[in-house]
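See below for the structure under consideration.
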Amino acid sequence: NAGVTQTPKFRVLKTGQSMTLLCAQDMNHEYMYWYRQDPGMGLRLIHYSVGEGTTAKGEVPDGYNVSRLKKQNFLLGLESAAPSQTSVYFCASSNPNQPQHFGDGTRLSIL
Amino acid sequence: DAKTTQPTSMDCAEGRAANLPCNHSTISGNEYVYWYRQIHSQGPQYIIHGLKNNETNEMASLIITEDRKSSTLILPHATLRDTAVYYCIVRAYNQGGKLIFGQGTELSVKP
């Protein structure tokens, strides 16, 4: 009963490096989301997807790209990491008009 | 989506009921009230949601005022494990399921 799985759990990058965060869900959910959470703040939506092959921008999309090639996976990419992208990243999934289920987060530090 | 206002922090004695208020005076007719909580930087956990009727599940009760401009989440017998940040979110039906998180209420349950 895995639910939403995020990999990696921790990562340290240097400024300018690129990386991809992977989110996988095994609940056959249509919708998937990527959020970031900075210290002392609530989550902010980066990008989301309402179905395989579709993506849309959220509140804070700049500096990130996403892809949803398979229904169960949602990838978040940082092409050129910046210190301002140091954060905890959460992935979530849901079916339409149903509650979202969240992963345990990826803690990303950019030096 | 309508904005919500919550107290920054609250205390509750263990074993007593915790009543967490939320103001959403600009809520629209098609917007639901959702409650999530986040325990110690884990991924947010869904608690309960409602449209206009009061709701109860195994975790909590949700009381929505008749004019729908405010609501209260009730944890009937708070335990130390209920210490968390509680988010009240208003979400429109059929809008990609996006959640807009505020700063929430930090609930401390004390022995």
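Numbers below:
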quantity	calculated
Partners for A:K70 among lysines (Cα-Cα distance below 27 Å; same-chain residues under 8 apart left out)	A:K9, A:K57, B:K98
The range A:1-91, dipole about Cα centre (Lys/Arg Cβ +1, Asp/Glu Cβ -1), debye to the nearest 20	180
Top of A:N28, A:N65, A:N97 by mean-square fluctuation, Gaussian network on chain A, Cα under 10 Å	A:N97
Dipole of the range B:1-79, positive end: most advanced residue of B:S41, B:A13, B:S61 [Cβ charges, Cα centre]	B:S41
Dipole magnitude of chain B, debye to nearest 20 (Cβ charges: Lys/Arg +1, Asp/Glu -1, about Cα centre)	160
GNM flexibility winner over chain A from A:P61, A:P83, A:P99 (Cα, springs under 10 Å)	A:P99
Selected from B:C88, B:L99, B:S25, residue furthest toward positive end of dipole (chain B; charges at beta carbon)	B:L99
Distant alpha-carbon pairs in the range A:1-54 (separation over 15 angstrom), percent	63
Residue among B:E31, B:E14, B:E66 with the largest mean-square fluctuation in a Gaussian network model of chain B, springs linking Cα atoms under 10 Å	B:E66
Globularity ratio of chain A, using Cα Rg and 2.2 N^0.38 Å	0.99
Once the Cα gyration tensor of the protein assembly as shown is diagonalised, semi-axes √(5λ) in Å	30, 20, 15
Unpaired by the 4.7 Å Cβ criterion, cysteines found in chain B	B:C12
Of the trypsin sites (Lys or Arg not before Pro) in the range A:1-38, those whose Cβ has at most 16 other Cβ within 10 Å and which sit in DSSP loop	A:K9, A:K14
Charged-residue dipole, Cβ positions (Lys, Arg, Asp, Glu), the protein assembly as shown about Cα centre, Debye nearest 20	380
Antiparallel bridge percentage (DSSP; both residues within the range A:1-109; nearest 5)	90
Calculated log₁₀ intensity ratio I(q)/I(0) where the Debye formula runs over C-alpha points of the range B:1-88, q = 0.12, 0.17, 0.21, 0.23 Å⁻¹	-0.34, -0.68, -1.03, -1.21
Cα-based Rg / Dmax (Å) for the range A:63-111	12.8, 39
Residues of type aspartates and glutamates that B:K69 reaches as a straight line, Cα spacing below 13 Å, ignoring anything fewer than 8 places off in the same chain	B:E31
Average beta-carbon neighbours from other chains, 10 Å sphere, peptide B:42-48	6
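Readers should treat all values here as calculations from the given coordinates under stated rules, not as data from a laboratory. Bear in mind the structure is a predicted one, so any value in this text is a computation, not a measurement. Here the Cβ is made from the backbone with ideal geometry for all residues, glycine too, and neighbour counts use every protein chain on show.
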